[in-house]
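To start, the structure under review is shown below, and the notes come after it.
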Amino acid sequence: FLHSLRSASFVLVAIPSAMIPTFIGMWYLGFSLNLMTLLGLSLVVGILVDDSIVVLENIYRHLEMGKDKMTAAIEGRNEIGFTALAITLVDVVVFLPLALAGGLIGNILKEYALVVVLSTLMSLFVAFTLTPMLASRWGKLTHLTKATLWGRVNLWFESLIDQLRDFYTRILQSALRHKRYVFITVFALIVFSILLIPAGFVGTSFIPASDRGELNIQIDLASETALKETNQAVAQVEKIVMAHPEVVNVFSNVGTQQGASMGISGANNSNLAEITVVLTDKEDRAISTEDFGKLLREEIGNVPGIKPTLKIVGITGNASFDLQMVVKGTHVDSIRKAAVLVKEVMSKTPGADYVQFSTKEAKRQVSVRLDRDKLARLGVTVNDVGTAVQYAFSGNDNTKFKDQGEEYAIKLELDQADRQSIDDIRNLSIYNNRGETIQLDEVAHIEETMGYSVLERKDRLNSIQVNAAAVGRPAGTIMQEVQKKLAKMKLPEGTFIALEGMSKNQGDAFGSLFLALGVGILLMYLIMVALYESVVYPFVVLFSLPVAIIGAILGLALSLNTLNIFSILGLIMSLGLVAKNAILIVDFANHEKEKGLSVTDALIAAGRERLRPILMTTFAMILGMLPMALASGAGAETKNSMSWVIIGGLTSSMIFTLVLVPAVYVVVENVKEQLSRWFRKKNNTTQVVRL
């Protein structure tokens, strides 16, 4: 666009000049280099050159008028300085509310938002100081001729820009004559793009599924399985897993699962096991982690007695379930009935897999109900019975053995052969207060029952959590479908359902982000009101924001990404960026009106003159986002959705803002003129009455 490598280098210098001071700000604020700060730095690469491009392009416009380098640098910067200030402050106020958000999402986004704010402010400082200085010293207006290859290529490019400018002028003239069709078309496209979300073309999730090459296998065996047998079964599974060349290492934990050991003390989890599998890098294997998990599930399922559950380790490093609903209430039986209903609905919903309760299946246990009348008659206390049972089955290590100054604990308990069946418990000997020996079944009713080793409570209420993994569909979309089905059903009295885990986080995060977006738009309007000293023209600029939604949602649909916290961040960023196009047009049109041009002529002149910087800045930002959008490494999924949203929003804004904003500008000017006439007429009538 500038036809000079020297001039392009002026813009290139703006990137390190703005980014290095950002690191100083990060150090001062105590930030580290992490996922969110690096994400912010990588996203602002396109923004850092934005202000410098606008300033430099205007300086070269003044050079083309015949001014010397120093004069062109000063006057060009002064002329566009107000616009550059408005563009930068709009970006700042859009991101500032994100840094002030509370809760989980606030903790995640604080560093990201402040890094973007710091780097954007530094880019403005560089554009006002370093860029004009470089242009005033080494700026050069290139005179293109057909004598060289460089000249022929640039002249051909200039001819394309002139043709595009003429084509845009004709489109703009037609749009200003048929404003209603412009409004109807844009409105229809906005509605159509938004409807892609409930229609299922764009799914929703809290965090996009990430292929880190790690998965977690939870193994459940029959409740009475001994630890030794569980270990043997896990060894079989390990052989199956390690037979695949994609596997790097396997870590097994036999006798417990993540969260399974939580609950009452002494819970027996000998039938549970957990295996963590680490795969090779994404580029070194031909199968995704999700598909590899499906393959393992089929192979492990062939091992008799094993019930496997596979969970993919996400970007947070946790292998939690994607779908979680908790059933709460006061009566355990009603809660279980409601939980069974939720499990059935979730199991029948496409995409929900590994549906299960958070509490493991019931285990056989022995119930000992004491007869207090018999206890009193035989001289036995409840404490005597409890101590005898505990010593027999859990052991007692109060006895110590001393040898050569060393003390060793001796654990006393019944032999394994004497505690195998319910009859062993019935025949357990107990001493009464007279020293007599009696059997436990003489003072208690002993029977075998089914019970749970862990009882859950949530918000001081009994609860059961229903968990599932999302396979092949976004978790948010699946949960919405489940909620719609449950809303049509009647739950047992005294029970209610609430979202947990990622589903709950998604609702809270989306609410916080959209609130921050609303606050950002309000601050954007107030900033422009202060700069323009008008409440009307900032209103015109705001009409450029909805058109970004068209490209943003279409970008998600075409790239098969979901609406998640990262893509919403991209939408917020794109709203701050697309306002730039409208500001450039409105500001230039206001200057042309002051020179005496009509509204239509001023808008056409603004469109023709500002088309070039709009194309330059938009293409610079789109190309700056492309590496992130096309990235395919481990964890790239988080950046892909954000980048495609920004690319789509910038593209649709570049296309529609150029016709929508001038059309709105004309309508607003007509309304102002009509109101002015009405007030003048009213004032004249008042004066006549007074006379």
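The values are calculated or read from the model by the stated rules, or taken from the named source; none is laboratory data. A quick note: this is a predicted structure, and the numbers were derived from the prediction, not measured. Neighbour counts run over all protein chains shown; Cβ positions are idealised from the backbone, glycine included. These accessible areas exclude ligands, DNA and RNA; they are computed on the full protein's heavy atoms, side chains included. Shrake-Rupley method; radii C 1.70, N 1.55, O 1.52, S 1.80 Å.
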What is the distance in Å between the Cα centroid of the stretch 506-574 and that of the stretch 1-43?
23 Å
Using only alpha carbon pairs under 8 Å that are at least six residues apart, calculate the relative contact order of the stretch 49-133 and give it in whole percent.
38 percent
Leaving ligands and nucleic acids out of the surface, order K490, K294, K228, K282 by accessible area at 1.4 Å, largest first.
K490, K228, K294, K282
On alpha carbon coordinates alone, what is the Rg over Rh value for the chain, Rh being the Kirkwood radius?
1.15
Percent relative contact order of the chain, based on C-alpha pairs within less than 8 angstrom and at least six residues apart?
19 percent
Pairwise label distance in nanometres, E224 with V667, each label 7 Å out on the Cα-Cβ vector
7.7 nm
Using square roots of five times the C-alpha gyration tensor eigenvalues, list the equivalent-ellipsoid semi-axes of the stretch 486-588 in whole Å, biggest first.
37, 17, 11
Per q in 0.08, 0.13, 0.18 1/Å, what log10 I(q)/I(0) does a Debye calculation on the alpha-carbon atoms of the stretch 398-557 return?
-0.65, -0.99, -1.22
Output ³J(HN,Hα) for the stretch 495-501: one whole-Hz value per residue in order, computed from phi by the Karplus curve 6.51 cos²θ - 1.76 cosθ + 1.60 with θ = phi - 60°, and x for Gly and Pro.
10, 8, 10, 9, 7, 9, x
What number, in percent, do you get for the relative contact order of the stretch 330-413 if the mean sequence gap of Cα pairs under 8 Å and at least 6 apart is divided by its residue count?
15 percent
Label-point gap, in nm, between K140 and Q390 - each point 7 angstrom along Cα→Cβ:
9.1 nm
Scaled to the compact-protein estimate 2.2 N^0.38 Å, what is the alpha-carbon radius of gyration of the stretch 339-479, rounded to two decimal places?
1.63
To the nearest 0.05, what FRET efficiency results for K488 and L196 with a Förster distance of 22 Å applied to their C-beta separation?
0.30
Rounded to 10°, Cα long-axis angle of helix 103-128 versus longest principal axis of the chain
20 degrees
Give me the number: length gained by fully extending R680 to R419, i.e. 0.36 nm times residue separation minus the C-alpha to C-alpha distance, one decimal in nm.
83.7 nm
Cα gyration tensor shape for the stretch 380-458, rounded if a/c is under 1.5, else prolate or oblate:
oblate
By the Cα gyration tensor axes a ≥ b ≥ c (a/c under 1.5 gives rounded; else a/b larger than b/c gives prolate, otherwise oblate), the shape of the stretch 103-193 is oblate
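Which of rounded, prolate or oblate describes the stretch 1-58 when judged by the alpha-carbon gyration tensor and an a/c cut-off of 1.5? Before the final figure, lay out each step's value.
Working: a/c = 3.13, a/b = 2.53, b/c = 1.24.
In terms of gyration-tensor shape, prolate.
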Nearest-0.05 FRET efficiency for N249 and S288 at R0 = 25 Å, using Cβ-Cβ distance, is 0.85
Once the piece of chain linking N590 and N231 is laid out straight, how much longer is it, given 0.36 nm per residue of separation minus the C-alpha distance between them?
121.4 nm
Span per principal axis, largest first, for the Cα atoms of the stretch 508-663 (Å)
58, 31, 20
For R177 and V382, extending 7 Å from Cα along the Cα-Cβ vector and measuring point to point gives, in nm, a value of 9.6 nm
Compute the separation of the alpha-carbon centres of the stretch 639-673 and the stretch 81-159 and state it in Å as a whole number.
19 Å
Sites N433 and K239, calculated FRET efficiency, Cβ-Cβ separation with R0 41 Å, nearest 0.05
0.10
Can you list residues whose amide H is under 5 Å from N462's amide H, if they're 5+ apart or on another chain and H is modeled 1.01 Å from N?
G329
